[in-house]
Structures are given as C-alpha cells and as structure tokens.
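Trainee: Before I ask anything, here is the structure I am working with.
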Amino acid sequence: MNEAEVRFHIIDPIIRKLGYGEPNNGTYLHLEEQLETLFYHIGRKSKKDFPIGRPDYCCGLAGRRGSFIVEAKSSDQEIDQHGIGQAHSYAAHVQISANLFVLCNGVYFAVFETLAADISNPVLRINCSDIDARFHEIESVLGPRQLERKFQVRYEIGLKLSDDLPPRVDVLGGKYDVQSCSIDIVGASDEATALLKSLPQMQ
C-alpha cells in the first residue's frame, strides 16, 4: 500500500473508532497541521526559517492534556530510526506537545511515548493484520478516557497527611494502621479554642 492507502484503509478507521474529531465529545482531530519553526534569524534566510513539516494526524483531548500524533508510511518503508525521529520531532514540537506518537506503514501499527528514555522502544506494536483482534490494546493506550486518566496532571500543594501520604488520597479498600497521632485544635481566639477542645466530638 502507498501512504494514502495506509491512511484510508488502516488509520482512518482506527481514529474514527476511537472517537476523535466527533462533535461535542471533548476531543479534537487535526489533519496535516503545519508546524513552524520557533527560531527567527536576522540577516540571510536559513533552512531554520522555513516550515518544518506536517504530522498526518494530531488527536487529543480538547482543552486538556492528553494527545498523540500519527504518521503514515507506505508499506515499503520500514519503521526505522529515521521515521521514529521524524514522528518524535513532530510530537515534541511546542505547537503540539503530544504525549505519544504513532507510526503505521500498513504492516505494523506502533505506538511510542514522546518522553520515554528510549524512544525507539514502542509502547505497543501490532501487526496490521491483527488490528481487529487486538483493537482493545490500541484503545487501552490511545482511547480518550485512557489519555485523560494517564496524562492529566494535578499538583497537590497542601500539607501532606503523613510522610508517606500526599495531601489528598482516595481510599479504595484495605486498611491503614495508625499507631499514634496528634491533633492540634486552634480556634479564631483563645475562647474559641477552649470551646472547641471541650466539645465531646473532640474528646
């Protein structure tokens, strides 16, 4: 397959099935968005002054973190270091800042993490003939809910509960043994503090 056939037969159905670009569902889909260099030079023009390329697909969560780009290749092109480097440069570009990038050449569908220590090691690599049977694996990495769960960042800046616990925790089960603790009760005034400390609930 040539690149256009890879897009039409393989990538387009995956993007549609994942739900990107559908109206009012909290996602976006941009096709061949032009990326510009951020560097400007005084004097003679250089190659750095010109556009640097267009990722084939850019998908993500509207107004939130969690996104990926997809680069299509023809079937006679290997998913090699050159292709990985090209897709990585698009994903890491400040206009996109994608968490993941995908390469598909009609033979393999491979997902990589942009900030991985070794970007050549894919998070997921699927033979394109197995996509239907293994679509759940693609969805578990690239689905909108999964992107939201994995890449939303919340900073906890309050006082931590203990040396081992952040300011806020969700207790889902089990138990936490506390051998000792102390509570300091302080009101708006000395009288309020004395009143609070005298309450039965505080005893």
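Trainee: Considering only the range 12-54, state which residues are at positive phi and at pLDDT 60 or above.
Mentor: Correct list: Gly19, Gly21, Asn24, Gly26, Glu32, Gly53.
Trainee: Which of the residues that make up the range 5-39 are closer than 13 Å to Val70 by Cα and in contact (Cβ under 8 Å) with a residue 40 or more places away in the chain?
Mentor: Val6, Arg7, Ile10, Ile11, Ile14, Ile15, Tyr20, Glu33
Trainee: Answer yes if at least one residue in the range 151-161 is closer than 28 Å to Gln34 by Cα and part of a helix (DSSP H, G or I), and no otherwise. Before you say what the answer is, go through the steps one by one.
Mentor: Of all residues in the range 151-161, those closer than 28 Å to Gln34 by Cα come to 151-153.
Retained after the next criterion (residues that are part of a helix (DSSP H, G or I)): 151.
So far as the range 151-161 goes, yes, one or more of its residues are closer than 28 Å to Gln34 by Cα and part of a helix (DSSP H, G or I).
Trainee: I'm trying to understand the selection: among the residues of the range 106-150, which are assigned to a loop (DSSP other than H, G, I, E, B), within 22 Å of His93 (Cβ to Cβ), open to solvent by 50 Å² or more (accessible area, probe 1.4 Å) and not polar (S, T, N, Q)? Steps first, please.
Mentor: So in the range 106-150, the residues assigned to a loop (DSSP other than H, G, I, E, B) come out as 106-107, 114-123, 131-134, 143.
Of the ones still in play, those that are also within 22 Å of His93 (Cβ to Cβ) are 114-123.
Still in the list and also open to solvent by 50 Å² or more (accessible area, probe 1.4 Å): 115, 117-118, 121, 123.
Within the range 106-150, Leu115, Ala117, Asp118, Val123 meet the criteria.
Residues checked against (1) surrounded by 21 or more Cβ atoms within 10 Å (Cβ to Cβ); (2) free of Cβ contacts under 8 Å to residues at least 40 places away in the same chain:
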| site | (1), (2) |
| --- | --- |
| Arg54 | no, yes |
| Arg64 | no, no |
| Lys73 | yes, no |
| Ile79 | yes, yes |
| Gln86 | no, yes |
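Trainee: Hey, Ser89 hits all of (1) over 11 Å from the mean Cα position of the chain (by Cα); (2) in a helix (DSSP H, G or I); (3) under 25 Å from Pro23 (Cα atoms) but one; which does it fall short on?
Mentor: Of everything listed in (1) over 11 Å from the mean Cα position of the chain (by Cα); (2) in a helix (DSSP H, G or I); (3) under 25 Å from Pro23 (Cα atoms), Ser89 misses just condition (3).
Trainee: So is Pro167 part of a loop (DSSP other than H, G, I, E, B) and touching an Asp or Glu at 6+ places or on another chain (Cβ under 6 Å) or not?
Mentor: Details: part of a loop (DSSP other than H, G, I, E, B): yes; touching an Asp or Glu at 6+ places or on another chain (Cβ under 6 Å): yes.
Yes.
Trainee: Go through the range 184-201 and count every residue that is under 23 Å from Leu159 (Cα atoms) and open to solvent by 60 Å² or more (accessible area, probe 1.4 Å).
Mentor: Residues flagged as under 23 Å from Leu159 (Cα atoms) and open to solvent by 60 Å² or more (accessible area, probe 1.4 Å) within the range 184-201 amount to 4.
Each row is one residue, and each column tells you yes or no for (1) aliphatic (A, V, I, L, M); (2) under 23 Å from Glu71 (Cβ atoms).
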{"residue": "Arg125", "(1), (2)": "no, yes"}
{"residue": "Phe135", "(1), (2)": "no, yes"}
{"residue": "Leu147", "(1), (2)": "yes, yes"}
{"residue": "Leu161", "(1), (2)": "yes, no"}
{"residue": "Leu172", "(1), (2)": "yes, no"}
{"residue": "Tyr176", "(1), (2)": "no, no"}
{"residue": "Ser182", "(1), (2)": "no, no"}
{"residue": "Ile185", "(1), (2)": "yes, no"}
{"residue": "Ser189", "(1), (2)": "no, no"}
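Trainee: Let me ask another. Residues being aliphatic (A, V, I, L, M), within 30 Å of Gly63 (Cα to Cα) and open to solvent by less than 100 Å² (accessible area, probe 1.4 Å): count how many of those fall in the range 166-183.
Mentor: The initial filter retains those residues of the range 166-183 that are aliphatic (A, V, I, L, M), namely 169, 171-172, 178, 183.
Checking the rest, the ones that are also within 30 Å of Gly63 (Cα to Cα) come to 169, 171-172.
Remaining after also requiring open to solvent by less than 100 Å² (accessible area, probe 1.4 Å): 169.
Qualifying residue count, the range 166-183: 1.
The values are calculated or read from the model by the stated rules, or taken from the named source; none is laboratory data. What you see is a predicted model; the values in this text were computed from it and never measured. Don't worry about glycine lacking a Cβ; one is built from the backbone with ideal geometry, like all the others, and counts go over all protein chains shown. Ligands, DNA and RNA are stripped out before the accessible areas are found, and what is left, the full protein with its side chains, is counted by its heavy atoms. Shrake-Rupley method; radii C 1.70, N 1.55, O 1.52, S 1.80 Å.
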